[in-house]
Amino acid sequence: MRPSEDTPIPSSNSRPLRDEEGGASVLLFAVVLFLAAGAIGAMAILSTTARAVRQGSALAANRRMLERAARSVLARLAQDPTPGADSAFDPIWSYVSAGGASGVRFSLSDLSSRVDLNLVRVALFEETKLGDLMLPGRTAAGLRQYRADKGPFKNLEAYAKWFPPAVLHNDFTVYGNINVNTTFEGVLSTVFAARTGDAPASEVFRTQIRRYLRQKQLIGSSDLRGLFGLYYPQLYPLMNVRPQINVNFVPEADLRAILSYPYGGHPLAKGRAIADAILARRRTGEVSEQYLTGLIHATGEQRLVLQYLGVRTWFWRIGASNHTGSVGLVVVRIPGQKSDSFAILEDQFSADRRGKKG
Amino acid sequence: MGTLLLVVWAAASGGVRALGRVTKSIERSVEILQADEAVRAAVARIDVPYWVEREKIESRPGGLRIFYLDGNPSKWVDISFEKGRLSVAEEGHRVVFGGLAGASVRVAPPHAGASPVVILTLRFTDERVATIDAPFGGYPYPIVEQ
């Protein structure tokens, strides 16, 4: 029978590979499979790497954006329309609560308007109710010794064995303005040496401070050049005679302790009433320097209280955060002859890679 | 058939070589990312107290030792390069990166509102160069011109 016209006869060169050529077919298939697997593996690695690179770039971009946002808070802080005093009634707070663009949340906190455990004369614990805040078995003398042996400390947690956690974080700080009239002379000498590298000169400085203390004399701003000598540029304005604590933000326990201390052996007349007046005033408006000095009206040795209490904040913590990270700046107000300025002392970024909100 | 196999084999071996190069390049990129993260994380923990004059840095063979880790004057971060390996060490914890032809590390001093920065330059065996800038977390009160 003649083959039908519509039934093609396969030619030898158009036949699929099979039979004796089946081995080659399997080999070809294996090679293609191998290449495909390799390609898939490479794609997976590339994809993972690309994701890591993208994540790294996004993180860096987010950090830059948050730092810009935090610096915008700092710029607003520097433009305070009432630079003579800082209070909860300054316009900066509405800027902070409004937040920034792209869902950035701001935070601002006064770091220095509390008793500085690095700087404080421990007599403040011995002579006032501040001592009651210590953990059982802890004493002011022990605190002084601990600080002399190991301090000063950069982190408040170094004092965790001395105070309950809530008290430690609410009433105390380690970011204080170093006022030479209120700071313990041993710490002043340590800071002098750390700042100048001249240990013998720091001992001479300590002796000079003791002389002022013996003579019950306050150090004035005009005394600082003589006191610091050649090291004035390194030491001023880090060390100064500006009031340490802003009464607009100071915790009540600290305020009452400072106002009840027996300066020159005698407590302030109406110390309790002064504390009540400050607390009432700051609930409704800014406590100004004029109001404070008029209210306290200290004379003689009791003028030391106005070295503790003032109306300016020296250290601030500024936060800017979003769902992928946060930036924290610690800034310090630097007193100037015409106007004050700010400097950044800490700049920390933390990323939340999971994108958790909080 | 033989020609076809030869072509497939040539393509496969070329592909494998290319894949090797891509993998190597990926390894480098990942190493740079890891080094960047490790160095930045370690240096961000350098928190110099505001009351000291300046940061404390010691030169050591192949690198630097930077003090004030977490604000503690006796704790430090070591960044050093030796025998093709970059090492970042702090508090008994050490991270090592290999495949390097050389590395140099220095600290750029602070300037207007910015912190001191550790600048680490890595040179890989394939001639690639990467630079990592890692800023300190905290730094001293500035000296103000009177």
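Quick look at the values:
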item: Residues located in the stretch A:181-200, provided they are in contact (Cβ under 8 Å) with a residue 24 or more places away in the chain, touching a helix residue (DSSP H, G or I) at 6+ places or on another chain (Cβ under 7 Å) and in a helix (DSSP H, G or I); result: A:Glu185, A:Gly186, A:Leu188, A:Phe192, A:Arg195, A:Thr196
item: Selection within the stretch B:29-47 - facing chain A (nearest Cβ under 10 Å) and touching a residue at least 24 places away in the same chain (Cβ under 8 Å); result: B:Ile32, B:Gln34, B:Asp36, B:Arg40, B:Ala44, B:Arg45, B:Asp47
item: Residue in the stretch A:167-184 that is over 22 Å from A:Phe315 (Cβ atoms) and either open to solvent by 30 Å² or more (accessible area, probe 1.4 Å) or more than 14 Å from chain B (Cβ to nearest Cβ) (or both) present; result: no
item: Qualifying positions in the stretch B:99-116 - open to solvent by 30 Å² or more (accessible area, probe 1.4 Å) and over 19 Å from B:Trp51 (Cα atoms); result: B:Gly99, B:Ala101, B:Ser104, B:Val105, B:Arg106, B:Val107
item: Search result, residues across the stretch A:199-228 that are over 16 Å from A:Arg303 (Cβ atoms) and either within 14 Å of chain B (Cβ to nearest Cβ) or open to solvent by less than 20 Å² (accessible area, probe 1.4 Å) (or both); result: A:Ala199, A:Ala201, A:Ser202, A:Phe205, A:Ile209, A:Leu224, A:Arg225, A:Leu227, A:Phe228
item: Test: residue in the stretch A:145-154 that is within 23 Å of A:Ala201 (Cβ to Cβ), within 12 Å of chain B (Cβ to nearest Cβ) and open to solvent by less than 10 Å² (accessible area, probe 1.4 Å); result: no
item: Residue list for the stretch B:117-134, restricted to those being among the charged types (D, E, K, R) and exposed (fewer than 15 other Cβ atoms within 10 Å of the Cβ); result: B:Asp126, B:Glu127, B:Arg128, B:Asp133
item: Among the candidates A:Gly41, A:Gly84, A:Gly99, residue that is touching a strand residue (DSSP E or B) at 6+ places or on another chain (Cβ under 7 Å), modelled with pLDDT of 75 or more and not charged (D, E, K, R); result: A:Gly99
item: Boolean, B:Val22 is open to solvent by 50 Å² or more (accessible area, probe 1.4 Å), of a type in the set (A, V, I, L, M), under 28 Å from A:Gln55 (Cα atoms) and out of contact with any Ser or Thr (no Cβ under 6 Å at 6 or more places or on another chain); result: yes
item: Selection count, the stretch B:50-73, where residues are at the interface with chain A (Cβ under 10 Å from one of its Cβ atoms), within 19 Å of A:Leu156 (Cα to Cα) and out of contact with any Leu (no Cβ under 9 Å at 6 or more places or on another chain); result: 6
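The values are calculated or read from the model by the stated rules, or taken from the named source; none is laboratory data. If you're wondering where the values come from, they're calculated on a predicted model, not measured in any experiment. A quick note on method: Cβ atoms are made from the backbone with ideal geometry, for glycine too, and the neighbour counts reach across all protein chains shown. Note: accessible area is taken over every heavy atom of the protein model, side chains too, but ligands, DNA and RNA are not part of it. Shrake-Rupley method; radii C 1.70, N 1.55, O 1.52, S 1.80 Å.
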